[in-house]
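Colleague: Shown below is the structure under consideration.
Bear in mind these aren't lab numbers, they're just calculated from the coordinates by the rules spelled out. Given the structure is predicted, the values throughout are model-derived calculations rather than measurements. Note that we place each Cβ from the backbone using ideal geometry, even for glycine, and neighbour counts take in every protein chain shown.
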Protein chains: 2
Amino acid sequence: MLNFDLYNPVNYVFGKGQIAKLTDLVPKNTKILLAYGGGSIFKNGVYDQVKAALPNHDIVEFGGIEPNPRFETLMKAVEIIRAEKIGFILAVGGGSVIDGVKFISAAVNFEGDEADILKKRILFKDVSQVIPFGTVLTLPATGSEMNSGAVVTIEATQEKLTLGGSALFPVFSIVDPTVITSLPKRQLQNGVVDAFTHVMEQYLTYTHDALLQDRISESILQTLIEIGPDVVENPTDYKLASNFVWSATMALNGLIQKGVPSDWATHMIGHELTALYEIDHARTLAIIGPNLYRVMFDTKKEKLAQYGQRVWNIQGNSTEEIAEKAIEKTVEFFHKMGMKTKISENAENIEKTADFIVNRFEERGWKAMGEKQNITLEKVRAIVEMSY
Amino acid sequence: MLNFDLYNPVNYVFGKGQIAKLTDLVPKNTKILLAYGGGSIFKNGVYDQVKAALPNHDIVEFGGIEPNPRFETLMKAVEIIRAEKIGFILAVGGGSVIDGVKFISAAVNFEGDEADILKKRILFKDVSQVIPFGTVLTLPATGSEMNSGAVVTIEATQEKLTLGGSALFPVFSIVDPTVITSLPKRQLQNGVVDAFTHVMEQYLTYTHDALLQDRISESILQTLIEIGPDVVENPTDYKLASNFVWSATMALNGLIQKGVPSDWATHMIGHELTALYEIDHARTLAIIGPNLYRVMFDTKKEKLAQYGQRVWNIQGNSTEEIAEKAIEKTVEFFHKMGMKTKISENAENIEKTADFIVNRFEERGWKAMGEKQNITLEKVRAIVEMSY
């Protein structure tokens, strides 16, 4: 097992009716910025619940944080906080709103060009540097409600960049699973596949000594397999909803990555498919993941076999046979979750996709990725071409 | 799934060589109380490592915190902290030392009779009320290094009482699995069985909707079963040691209890066996647990069957058959871990044990316990008599 530090101070408040706890969780001695996205919170009743819990708070609203939140949009909120002397931010939304608020939190007191937070990957470790914030989650998938990382896009230069640091954990996150009842089926499908792939990025590497972490990862995968196909049909079923939402948090709150190697190449390649063709993030993962396992079969086959045996109960005569069947089972699961697992089923004029992606990676100086840094640009090309 | 709050701000620093990180983790702007137990830290090299990491810190030492730490002993440390104006405590030891330091932390600024912290179960929620503390774990089992609870005994009245509250999480805990290499085999056996039973108390209740928590509990049980018998023979094997120590923390750091019912009656009855006959805590759990499952079979059989199938791969024709085999497997495991699972194998003149325990519970006004509050005093009697 690799050495690790586990630090996650989020007060994670889970369950039906928990939004009412905002009354006590949001500080009363400062102005609040209520940050949200495209306005779905007005339709699903969450805005009303939030306002009802905060009758005596001094609130300034800031809407319009977009999916894949833009630096340019977020800087408008930063200016409002500076002008209005706001001391706490409440993010009400999904991963994009929460990610956006992490950037806002970090930028308000930042001295210098705020874009450098992203471009120079500045880590925020001191909570006195940032504006504290809490969240009310409305769309499970990214785990942003219980981690300290975020992804922000600079519109001007079309760069999708990360920020983070231990000062950027939410002070609290309220996670009421009933919020998913108003989500479109497509978003629920995406949420399940996104969470599933988050686990796979941290689990499906090579066999190692971190026995408990492997089993916890397998626990999340099994739970998502058990409830995923049903929850998208019956999001009002609380058993399904609560297990889905909690699994999505656990998939990316840092726990399962402790002491183990991780891959993340599926995300790195998938991000490019979103950039090129606006394919939903989760759908790019469903396209790339299984083909990455195929191309990197020699590296990953032992872990694929473990995954196949433990998560899918696959029997077989050899590591290779079980590993191959495990990939097939994964693709079947993605299909069951409504994914179309070829690029050509999700976009048109895709012939040069591999060239585009390999060129972009070359421009950035990326030579290899994955848990063994052996997913070279040649391998990336093979993975993308296999995905046409 | 039941509603829950998950809050655990401990900076948990895990792995080989991590004690050196004390240099940066322990504050330099205040005096430090270095608290420890019976002196094993002088033999196992941990004291030297701690001192080497803190060459420029102003340290006052306080040794002699006993197993089942005594209020009377701990109050001596409280007086030293008040007199010397100490601002941070470093607990170096196992669960007893860490539990003791939690009490010390709470008592220093407490106004009134410090015994009331225990007798009136005062919760500490405000970190400004307590003296901050960190830990270096030397004996895995209790999870105290990553939770905010503690058990302290008042010698004068022979009461074993609890304290806790979110202000009583360690600021950091350094957990180096190599510390177990110097532990006697008996303590290693106890640690595995203690951690195993901690999971069982939170898991082996009834079947419910918290699918992921069940699977995470099963993950910890499977890991302890996999590594337990070997780690007590080969504690220098880092794979075994690291999985054991991490499993013991995860068994009682609060995660697996979120959203689920819990039992804890095995502990409540077991505590009395320790009080009566000084049987090691873990050994009392190994005696009582399986008989509690037998006596409460009607309540617990579905969960026992789930446990049997998933953790022990037991096949069977009925819930009852699988559940019964699951209890047998548990006893076999405890035997393999060096436990003797009858009271009479651990103590003499035990004929009145059930009377003693039932009387004590009556005196305290306890009428029933367990996840359904259906372990009545009659059931307690039956469990204890079955354990003779």
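Colleague: Among (1) surrounded by fewer than 18 Cβ atoms within 10 Å (Cβ to Cβ); (2) over 23 Å from the mean Cα position of the chain (by Cα), which single condition is B:K342 missing?
Modeller: (2)
Colleague: In segment B:326-339, which residues are within 19 Å of B:I220 (Cα to Cα) and crowded, with 20+ Cβ neighbours inside 10 Å?
Modeller: Result: B:A326, B:I327, B:T330, B:F333, B:F334, B:M337.
Colleague: Could you grab me the full set of residues in segment B:1-30 that are charged (D, E, K, R), within 7 Å of chain A (Cβ to nearest Cβ) and surrounded by 15 or more Cβ atoms within 10 Å (Cβ to Cβ)?
Modeller: B:D5
Colleague: Run down A:S105, A:S182, A:S166 and say which single residue is crowded, with 21+ Cβ neighbours inside 10 Å, closer than 30 Å to A:K51 by Cα and polar (S, T, N, Q).
Modeller: A:S105
Colleague: Quick test for you: out of A:L212, A:L285, A:L276, pick the one residue that is under 27 Å from A:N346 (Cβ atoms) and crowded, with 24+ Cβ neighbours inside 10 Å.
Modeller: A:L285
Colleague: On to the next question. Please go through segment A:117-141 and pick out each residue that is touching a strand residue (DSSP E or B) at 6+ places or on another chain (Cβ under 9 Å) and of a type in the set (S, T, N, Q).
Modeller: Hits for segment A:117-141 are A:T135, A:T138.
Colleague: Can you report the number of residues in segment B:350-371 which are assigned to a loop (DSSP other than H, G, I, E, B) and out of contact with any Pro (no Cβ under 8 Å at 6 or more places or on another chain)?
Modeller: 8
Colleague: Surrounded by 18 or more Cβ atoms within 10 Å (Cβ to Cβ), among the hydrophobic types (A, V, I, L, M, F, W, C) and closer than 29 Å to B:P67 by Cα: does that describe B:A323?
Modeller: no
Colleague: Which of the helices (runs of 4 or more DSSP H) contained wholly in segment B:255-339 include at least 3 residues that are under 23 Å from B:E233 (Cβ atoms)?
Modeller: Here the list reads B:281-295, B:319-336.
Colleague: Within segment A:31-50, how many residues turn out to be over 22 Å from A:S242 (Cα atoms) and either of a type in the set (G, A, S) or surrounded by 15 or more Cβ atoms within 10 Å (Cβ to Cβ) (or both)?
Modeller: Total meeting the criteria: 9.
Colleague: To continue, here is another question. Looking at segment B:241-252, can you tell me whether even one residue there is at the interface with another protein chain (Cβ under 10 Å from one of its Cβ atoms), surrounded by fewer than 24 Cβ atoms within 10 Å (Cβ to Cβ), under 21 Å from A:Q257 (Cβ atoms) and not hydroxyl-bearing (S, T, Y)?
Modeller: Taking every residue of segment B:241-252 in turn, none turns out to be at the interface with another protein chain (Cβ under 10 Å from one of its Cβ atoms), surrounded by fewer than 24 Cβ atoms within 10 Å (Cβ to Cβ), under 21 Å from A:Q257 (Cβ atoms) and not hydroxyl-bearing (S, T, Y).
Colleague: Same structure, new question: Return the residues of segment A:8-45 that are over 12 Å from A:L90 (Cα atoms) and among the charged types (D, E, K, R); say none if nothing qualifies.
Modeller: Correct list: A:K16, A:K21, A:D24, A:K28, A:K43.
Colleague: Among the residues of segment B:177-228, which ones are over 22 Å from B:T299 (Cβ atoms), of a type outside the set (A, V, I, L, M), more than 14 Å from chain A (Cβ to nearest Cβ) and in contact (Cβ under 8 Å) with a residue 40 or more places away in the chain?
Modeller: B:T181, B:S182, B:K185, B:R186, B:Q187, B:Q189, B:N190, B:G191, B:D194
Colleague: Checking A:E385 against (1) touching a residue at least 24 places away in the same chain (Cβ under 8 Å); (2) closer than 29 Å to A:V231 by Cβ, only one condition comes out false. Which one?
Modeller: (2)
Colleague: State the number of residues belonging to segment B:142-161 that are touching a strand residue (DSSP E or B) at 6+ places or on another chain (Cβ under 6 Å) and closer than 15 Å to B:L252 by Cα.
Modeller: Total satisfying the criteria: 6.
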